[in-house]
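Engineer: Okay, here's the structure, questions in a sec.
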Amino acid sequence: MYQSIEIASRSISKPAAIVCFFFDDKALRPADKALDKASKGALAAALKRAEVNGTAGESHHVDVGKMRYLLVGLGEAKKLDGRVLRQVGAATVRALDRIGAVTAGLQLTGLFSEALPPERAAQALAEGIGLASFDFHDFKATTKKEGKVKSLRIAADDSSLTAALRKGLALADSTNYARRLAATPPNVATTTYVAAQAQKLARASKGRIKCRVIKGAALEREKLVGLINVGKASENPPCLIELTYTPRGSRKTVLLVGKTICYDTGGLSLKINNGMKGMKYDKNGGMAVLGAMHAIAHAIKPSCKVVALLPAAENSISDEAYRPDDIITYLNGVSVEVTNTDAEGRLVLADALAWGCRKIKPDAIIDLATLTGGVVVALGSACAGLFCNDDTLRGRIECAAEAAGDRVWRLPLWEDYREMMKSKHADIWNSAPVRHAHPIQGAAFLSYFVDEKTPWAHIDIAGTSNIDSDQSPFVAGPTGFGVRLLASVLENWE
Ligand code: BES
Ligand code: ZN
Ligand code: ZN
């Protein structure tokens with residue numbers, strides 16, 4: 001697969017392939033008629049072939065003399081939306097890779113309808129192209145030896161879409177950045193490593209983003225007790241990573257929080273059977289937030305101030321580990337009885353939320369976390385669970401989620417659930433003795449650390465941030481869920 005993809009500003013004179021799209025009516029689109037004429041009817045003839053159906057993402061190549069055409073199906077015209085276009089983009093780049101093309105011309109004129117603005121459509125197509133070109137071979141000996149970079153240059157026949165294509169590719173790049181960090185194993189991607197990556201991101205932003213890491217004695221001074229306790233048993237020390245983007249003249253501040261558990265063994269409430277495998281992905285909330293900051297550095301220019309907080313720790317075991325029965329008192333005065341050391345994510349998020357409310361005084365908070373196995377049982381990998389105390393914020397998130405293809409579904413957060421979290425010997429416990437409503441218990445717990453009047457959304461991404469089987473444009477593994485969702489929310493924040 002290509003390591004580098006670029007959108008050319010002008011048309012490429014003799015591209016290795018010309019990509020023509022067609023719907024399931026198998027009709028030649030008006031824009032392609034001239035090409036068909038030049039190819040002596042070869043395109044129209046190819047569309048008539050029995051094995052050509054026009055389902056979204058199917059591809060066929062047709063060689064006419066020295067020219068190679070790639071026919072890519074779009075499915076049903078009235079079903080064409082961002083999700084389909086991402087899949088079509090993915091199929092296109094995979095087909096181009098298969099035929100070894102280094103340059104391609106995309107025939108986009110007249111492809112998009114009123115219902116689907118051309119810029120949004122072109123962006124989605126390019127997102128699919130970029131997302132499908134993700135691979136993670138950093139640890140394979142064979143790729144290290146290969147050395148040479150495979151690259152692709154793309155031009156569209158409609159140059160007014162160049163900016164939209166570039167933006168789609170840049171957002172896919174930020175998503176792939178998050179996916180690469182997510183895939184990095186826990187013996188490499190430690191808390192210190194993640195902090196160093198955040199600092200590197202800030203340096204690369206040319207001053208647009210500042211980074212600060214609170215660790216060691218400073219954690220005690222700042223009363224970040226969740227991080228201290230969860231991180232106690234690991235040789236990799238806990239820290240709170242803060243990234244700040246301040247545009248000129250900004251008035252509103254959005255706080256992003258991402259659960260960054262670099263590895264979750266469950267702690268003394270150790271994960272059993274094969275439950276631990278894959279827990280390198282327990283940092284994915286934080287990686288999605290980092291990806292969104294990467295997008296600010298490279299792809300979007302929000303007009304609001306954005307602060308990102310990544311509470312980073314490794315939930316491990318040792319004689320120094322925190323235990324079930326411990327009681328921890330937080331910065332905002334709320335005391336928590338630990339009933340299960342495997343419900344560690346909420347303990348570190350509580351620090352970031354309470355500290356963030358006090359120090360940053362945000363106008364809105366969005367947290368992303370691989371918080372519960374329960375959300376995977378409830379919603380699978382089709383969408384993330386959304387909890388929100390504010391209708392306007394919920395509307396913004398739902399809208400951005402639909403646009404980005406990072407789907408969310410609302411779950412309730414009534415007082416009844418907050419009641420479930422009340423403990424006998426402390427104010428609340430981190431997990432109720434009954435297994436009812438697990439994803440909601442997590443959200444209800446977090447609500448005790450957010451100022452009541454602050455609009456806040458919690459997105460449980462345990463089912464969506466990594467997947468077991470291919471779901472185009474994604475392959476099995478990390479999806480970077482949340483990066484483009486957050487980018488879209490921030491971009492539209494006035
Ligand atoms: N990191 C897990 C949640 C998780 C589970 C993510 C499976 C992805 C796949 C979290 O820290 C956890 O262990 N949650 C427990 C909570 C319980 C102990 C209250 C869970 O969901 O079982
Ligand atoms: Zn856990
Ligand atoms: Zn966890």
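The values are calculated or read from the model by the stated rules, or taken from the named source; none is laboratory data. Everything quoted here is computed from the prediction, not taken from an experiment. Quick reminder, even Gly has a Cβ in these numbers, built from the backbone with ideal geometry, and neighbours come from all protein chains shown.
Engineer: State whether one or more residues within the range 283-302 are within 13 Å of ligand 2 (Cβ to nearest atom), surrounded by fewer than 24 Cβ atoms within 10 Å (Cβ to Cβ) and either modelled with pLDDT of 95 or more or not assigned by TED's automatic domain parsing to the domain that holds LEU446 (or both).
Structural biologist: Looking for residues that are within 13 Å of ligand 2 (Cβ to nearest atom), surrounded by fewer than 24 Cβ atoms within 10 Å (Cβ to Cβ) and either modelled with pLDDT of 95 or more or not assigned by TED's automatic domain parsing to the domain that holds LEU446 (or both), one finds none in the range 283-302, hence no.
Engineer: Also, quick follow-up: Answer with yes or no whether LEU413 is in contact (Cβ under 8 Å) with a residue 60 or more places away in the chain and either within 16 Å of ligand 2 (Cβ to nearest atom) or within 30 Å of ARG251 (Cβ to Cβ) (or both).
Structural biologist: Spelling it out, it is not the case that LEU413 is in contact (Cβ under 8 Å) with a residue 60 or more places away in the chain and either within 16 Å of ligand 2 (Cβ to nearest atom) or within 30 Å of ARG251 (Cβ to Cβ) (or both).
Engineer: Go through the range 390-482 and tell me which helices (runs of 4 or more DSSP H), entirely inside it, have 1 or more residues that are in the same structural domain as MET279 (by TED's automatic domain parsing) and of a type in the set (Asp, Glu). Show your work before the answer.
Structural biologist: On the way: elements: 391-404, 415-420, 438-447.
By residue number, 391-404, 415-420.
Engineer: Another question, then. How about the range 5-26: which of its residues are basic (Lys, Arg) and in contact with a strand residue (DSSP E or B) (Cβ under 6 Å, 6 or more places away or on another chain)? If you could, list the steps in order and put the result at the bottom.
Structural biologist: Pass one, the range 5-26, residues basic (Lys, Arg): 10, 14, 26.
None; the set is empty.
Engineer: Every residue in the range 462-477 that is touching a Ser or Thr at 6+ places or on another chain (Cβ under 8 Å) and either within 16 Å of ligand 2 (Cβ to nearest atom) or within 21 Å of THR92 (Cα to Cα) (or both), please.
Structural biologist: ALA462, GLY463, SER465, ASN466, GLN471, ALA476
Engineer: In addition: Here are ASP342, ASP363: which of them is touching a Ser or Thr at 6+ places or on another chain (Cβ under 7 Å), of a type in the set (Asp, Glu) and either within 16 Å of ligand 2 (Cβ to nearest atom) or not assigned by TED's automatic domain parsing to the domain that holds TYR417 (or both)?
Structural biologist: Going through ASP342, ASP363 in turn, just one is touching a Ser or Thr at 6+ places or on another chain (Cβ under 7 Å), of a type in the set (Asp, Glu) and either within 16 Å of ligand 2 (Cβ to nearest atom) or not assigned by TED's automatic domain parsing to the domain that holds TYR417 (or both): ASP342.
Engineer: Do any helices (runs of 4 or more DSSP H) entirely within the range 144-233 hold 2 or more residues that are over 29 Å from ASP319 (Cα atoms), and if so, which?
Structural biologist: Passing ranges, in order: 162-183, 191-204.
Engineer: Inside the range 239-271, can you point out the residues that are of a type outside the set (Ser, Thr, Tyr) and either within 15 Å of ligand 1 (Cβ to nearest atom) or not assigned by TED's automatic domain parsing to the domain that holds THR370 (or both)?
Structural biologist: GLY258, LYS259, ILE261, CYS262, ASP264, GLY266, GLY267, LEU268, LEU270, LYS271
Engineer: Which pairs turn up if I take residues in the range 427-453 that are crowded, with 19+ Cβ neighbours inside 10 Å and look for partners that are at pLDDT below 95 and among the small types (Gly, Ala, Ser) with beta carbon separation below 9 Å, at least 6 apart in sequence or on another chain?
Structural biologist: Qualifying pairs under 9 Å: none.
Engineer: Can I ask one more? Restricting attention to the range 470-486, does a residue exist that is within 15 Å of ligand 3 (Cβ to nearest atom) and among the hydrophobic types (A, V, I, L, M, F, W, C)? Steps first, please.
Structural biologist: Initially, the range 470-486 is screened for residues within 15 Å of ligand 3 (Cβ to nearest atom), giving none.
Taking every residue of the range 470-486 in turn, none turns out to be within 15 Å of ligand 3 (Cβ to nearest atom) and among the hydrophobic types (A, V, I, L, M, F, W, C).
Engineer: Next question, about the same structure. Give the range 272-316 a look and list any residue that's away from ligand 1 (no atom under 16 Å from the Cβ), small (Gly, Ala, Ser), under 15 Å from GLY482 (Cβ atoms) and part of a helix (DSSP H, G or I), or say none.
Structural biologist: GLY291, ALA292, ALA295
Engineer: Condition first: more than 14 Å from ligand 3 (Cβ to nearest atom) and touching a Pro at 6+ places or on another chain (Cβ under 9 Å). Now tell me which residues in the range 301-336 satisfy that.
Structural biologist: Once the filter is applied, which keeps residues that are more than 14 Å from ligand 3 (Cβ to nearest atom) and touching a Pro at 6+ places or on another chain (Cβ under 9 Å), the range 301-336 yields LYS301, PRO302, SER303, CYS304, LYS305, VAL306, VAL307.
Engineer: Please enumerate the residues belonging to the range 250-262 that are part of a strand (DSSP E or B) and more than 11 Å from GLU344 (Cβ to Cβ).
Structural biologist: Result: THR253, VAL254, LEU255, LEU256, VAL257, GLY258, THR260, CYS262.
Engineer: Among the residues of the range 317-335, are any crowded, with 24+ Cβ neighbours inside 10 Å and either within 14 Å of ligand 1 (Cβ to nearest atom) or not assigned by TED's automatic domain parsing to the domain that holds LYS210 (or both)? If you could, list the steps in order and put the result at the bottom.
Structural biologist: Taking the range 317-335 and keeping what is crowded, with 24+ Cβ neighbours inside 10 Å, we get none.
No, the range 317-335 contains no residue that is crowded, with 24+ Cβ neighbours inside 10 Å and either within 14 Å of ligand 1 (Cβ to nearest atom) or not assigned by TED's automatic domain parsing to the domain that holds LYS210 (or both).
Engineer: Shifting gears a bit: Would it be correct to say that GLY278 is within 16 Å of ligand 2 (Cβ to nearest atom), in contact (Cβ under 8 Å) with a residue 60 or more places away in the chain and loosely packed, with under 15 Cβ neighbours inside 10 Å? Please lay out each step first, then the result.
Structural biologist: Working: within 16 Å of ligand 2 (Cβ to nearest atom): yes; in contact (Cβ under 8 Å) with a residue 60 or more places away in the chain: yes; loosely packed, with under 15 Cβ neighbours inside 10 Å: yes.
The answer is yes for GLY278.
Engineer: Here's another thing I want to ask about it. For the condition among the hydrophobic types (A, V, I, L, M, F, W, C) and part of a loop (DSSP other than H, G, I, E, B), what is the one hit in ILE18, ILE5, ILE12?
Structural biologist: Details: ILE18 fails: part of a loop (DSSP other than H, G, I, E, B); ILE5 fails: part of a loop (DSSP other than H, G, I, E, B).
Just a single option satisfies the conditions, and that option is ILE12.
Engineer: Within the range 30-138, which helices (runs of 4 or more DSSP H) (wholly inside it) include 1 or more residues that are under 31 Å from the mean Cα position of the chain (by Cα) and exposed (fewer than 13 other Cβ atoms within 10 Å of the Cβ)?
Structural biologist: On the way: elements: 33-38, 42-48, 82-98, 118-132.
In the range 30-138, the matching helices (runs of 4 or more DSSP H) lie at 82-98.
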